[in-house]
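The values are calculated or read from the model by the stated rules, or taken from the named source; none is laboratory data. Here the structure is a predicted model, which means the values were calculated and not measured. As a convention, Cβ positions derive from the backbone with ideal geometry for all residues, glycine included, and neighbour counts pool all protein chains shown.
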Amino acid sequence: MDINIKTLSDLPGTAAAILQKFPKDRVFMFFAEMSAGKTTFIKAICAELGVMDLVSSPTYSIVNEYNSAKEIIYHFDFYRIKSESEAFDIGFEEYIFSGNYCLIEWPEKIKNLWPPHYLKIEIQIVSEAERLITVTPE
Ligand SMILES: Nc1ncnc2c1ncn2[C@@H]1O[C@H](COP(=O)(O)OP(=O)(O)OP(=O)(O)O)[C@@H](O)[C@H]1O
Ligand SMILES: [Mg+2]
């Protein structure tokens, strides 16, 4: 599934389309260069899931938890970890197998902990406001 984003205002509709097309997926891994829009897109997905909490990348921890009426959502950012053991120590595998949404920035940092099945979301920068989002079930 390839989606062209022309402006930020395309993100809510795109988030809705992905959730609708992949209703059973719970682990979403976001692959993109720095500042491409991972956190911004995760905010749109959380809004679509009904999260009213403030969504922002975990700064002092590795994971944030948000709640909506129906869902629990875990938002991970592994950018700052120095070793995979930090992910292991917070119980990453329990989160992954919890059946709740796990939205993961910088999954490249925890390659050995990837689950066998996940939704791969690649974000490429086309121009200042344009992005190409590619979604692949793995
Ligand atoms: N179409 C778009 N989709 C997503 N972000 C966009 C888009 N157009 C512009 N932006 C801007 O690009 C920036 C993306 O920042 P964001 O923090 O989401 O990136 P990130 O990939 O999470 O960065 P990091 O690598 O630091 O985690 C924001 O300032 C956002 O407003
Ligand atoms: Mg981010």
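Side notes on the structure shown:
- Screening the range 44-55 for residues that are modelled with pLDDT of 95 or more and touching a helix residue (DSSP H, G or I) at 6+ places or on another chain (Cβ under 8 Å) and picking the one that is nearest to residue 104 (Cα to Cα) gives 45.
- Failed criterion for residue 25 (all others in (1) in contact with a Pro (Cβ under 8 Å, 6 or more places away or on another chain); (2) over 21 Å from residue 74 (Cβ atoms) hold): (2)
- Verdict on residue 57 being of a type in the set (Ser, Thr, Tyr), within 16 Å of ligand 2 (Cβ to nearest atom) and either touching a residue at least 24 places away in the same chain (Cβ under 8 Å) or farther than 22 Å from residue 132 by Cα (or both): yes
- The range 6-43: number of residues that are within 16 Å of ligand 2 (Cβ to nearest atom), of a type in the set (A, V, I, L, M, F, W, C) and surrounded by fewer than 20 Cβ atoms within 10 Å (Cβ to Cβ): 5
- Cβ-Cβ contacts under 6 Å between residues 6 or more apart (or on different chains), taken from a first residue in the range 25-42 that is in contact (Cβ under 8 Å) with a residue 60 or more places away in the chain and within 8 Å of ligand 1 (Cβ to nearest atom) to a second residue that is of a type outside the set (Phe, Trp, Tyr) and part of a loop (DSSP other than H, G, I, E, B), are listed as 38/32; 39/57.
- Subset of the range 1-19 [in a helix (DSSP H, G or I) and under 18 Å from residue 118 (Cβ atoms)]: 15, 18, 19
- Residue check, residue 2 at pLDDT 95 or above, away from ligand 2 (no atom under 16 Å from the Cβ) and among the acidic types (Asp, Glu): yes
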